[in-house]
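See below for the structure under consideration.
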Amino acid sequence: MYNGIVTPMLTPFNRAGEIDYDATRLLIQDLKGYGVSGLFPMGSTGLFPMFSLEERKKFLQFVSENRNNLTVYAGVGSSSTQESIELSKFTEDVGIEVRVLMPTYYIKPDEEWMYKHFSEVISASSNDLFIYNIPQLAGSWVPENVIKKLKSEFSQVKGIKDSSGDMRFFSRIVTLVSKDFSVFQGQDDLLLTSMALGANGGVCGLSNISGSIVDLYKAFQSGDLKKSREIQLNKVNPLMYAVNAPTFPSGYYYAFYKKHNINGGYRSPMVQPSKEHSRVIDEATSQQI
């Protein structure tokens, strides 16, 4: 079973918009210090659609080689089944434990299309796979019956990351938790509620810039509900709302660069947060990072 806090890693850039591997190494050091249990490169926060296939492979290999004993959950999502298959095979070749896959996007898939995409990608390699439900970005939900079918038919399917924010949906899929299947919350401000329902942890973007989300997880696991609630309401939620004030995920990049005094960049068409949004982030982070 997988559990804990997994970081959907941002992909640091230099001023030219190229991947900054020195900053990435620094980010991994931060995450190890915070106490996260896993690294999730090339997800939504990592801007995976903005990279070529070769850039994605190079970054995934770098993270795997510099993981600092953390589990790697590699994003292999694409609107091309063939590309996701190639990435899946690559992750296995470089020793990555877990793949993360969302439905194809742009052309909205029906259930048959979605199942075919998942099943072919899952079968491409033997390492574990997490289903990724993020309808607000992928454009479609992974239905419960598809989740259950994939879980029952493929031994590699070990969990789901749900970022829908729909707690009614989450409360249904969390019943699937078992020793062989984990359910993670993908929205930081819903972590405490989700763990109270039985979630195994969260894939939480704030862990790119702050250890507070790990502190929340640990407090809950130790049985300190009062401390968990205080961290959720007074630290996690205000910081999450601040970094999401500008267009996602630029606020996370700004906060990370500011924390380390890095003259970082934003790959086009990303833009740096406005002065007003930067001020909001600065205020929220001043007491935490």
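The values are calculated or read from the model by the stated rules, or taken from the named source; none is laboratory data. Since the structure is predicted, the reported quantities are computational estimates derived from the model, not experimental observations. No Cβ is skipped: glycine too gets one built from the backbone with ideal geometry, and neighbour counts run over all protein chains shown.
Of all residues in the stretch 102-111, those being among the hydroxyl-bearing types (Ser, Thr, Tyr) and either crowded, with 22+ Cβ neighbours inside 10 Å or over 18 Å from the mean Cα position of the chain (by Cα) (or both) number 2. Each residue in the stretch 91-101 was checked for being among the hydrophobic types (A, V, I, L, M, F, W, C), surrounded by 21 or more Cβ atoms within 10 Å (Cβ to Cβ) and without any contact (Cβ under 8 Å) to a residue 40 or more places away in the chain, and 2 of them qualify. Going by what's in this entry, would Ser44 be described as among the hydroxyl-bearing types (Ser, Thr, Tyr) and surrounded by fewer than 18 Cβ atoms within 10 Å (Cβ to Cβ)? No, not satisfied.
Ser163 meets all of the listed conditions (1) buried (at least 17 other Cβ atoms within 10 Å of the Cβ); (2) out of contact with any Leu (no Cβ under 9 Å at 6 or more places or on another chain) but one, namely (2).
Select from the stretch 237-276 the residues that are farther than 24 Å from Thr24 by Cβ and not basic (Lys, Arg) and list them in ascending order. Passing the criteria: Asn237, Pro238, Tyr241, Ala245, Ser274, Glu276.
Restricting the search to the stretch 41-75, which residues are assigned to a strand (DSSP E or B) and either modelled with pLDDT under 95 or among the β-branched types (Val, Ile, Thr) (or both)? Listed by number, the residues that qualify are Thr71, Val72. Of all residues in the stretch 19-40 being outside any helix (DSSP H, G or I) and without any contact (Cβ under 8 Å) to a residue 60 or more places away in the chain, which is farthest from Gly264 (Cα to Cα)? Ranking the qualifying residues of the stretch 19-40, first place goes to Leu39. If I ask for residues that are crowded, with 21+ Cβ neighbours inside 10 Å and hydrophobic (A, V, I, L, M, F, W, C), which ones from the stretch 249-274 would you list? Within the stretch 249-274, Ala255, Phe256 qualify.
Checking Gly33 against (1) under 30 Å from Ala196 (Cβ atoms); (2) crowded, with 19+ Cβ neighbours inside 10 Å; (3) not aromatic (Phe, Trp, Tyr), which single condition isn't satisfied? For Gly33, the exception is condition (2). When the stretch 94-145 is limited to residues that are of a type in the set (Lys, Arg) and modelled with pLDDT of 95 or more, the one that is farthest from Val6 (Cα to Cα) turns out to be Lys116. The residue list Gly264, Gly223 contains one member that is outside any helix (DSSP H, G or I) and under 30 Å from Glu18 (Cβ atoms), which is Gly264.
Of the numbered criteria (1) free of Cβ contacts under 8 Å to residues at least 12 places away in the same chain; (2) buried (at least 23 other Cβ atoms within 10 Å of the Cβ); (3) not small (Gly, Ala, Ser), the one Arg168 fails is (2). Going by what's in this entry, would Ile134 be described as in contact (Cβ under 8 Å) with a residue 24 or more places away in the chain and over 15 Å from Leu197 (Cβ atoms)? Spelling it out, Ile134 is indeed in contact (Cβ under 8 Å) with a residue 24 or more places away in the chain and over 15 Å from Leu197 (Cβ atoms).
Return yes when Thr104 is within 18 Å of Ile131 (Cα to Cα), touching a residue at least 24 places away in the same chain (Cβ under 8 Å) and in a loop (DSSP other than H, G, I, E, B) and no when it is not. So Thr104 passes the test.
Taking the stretch 208-239 as the range and being surrounded by fewer than 20 Cβ atoms within 10 Å (Cβ to Cβ) and not basic (Lys, Arg) as the test, the residues that pass are Asp215, Ala219, Gln221, Ser222, Gly223, Asp224, Leu225, Glu230, Leu233, Asn234, Asn237, Pro238.
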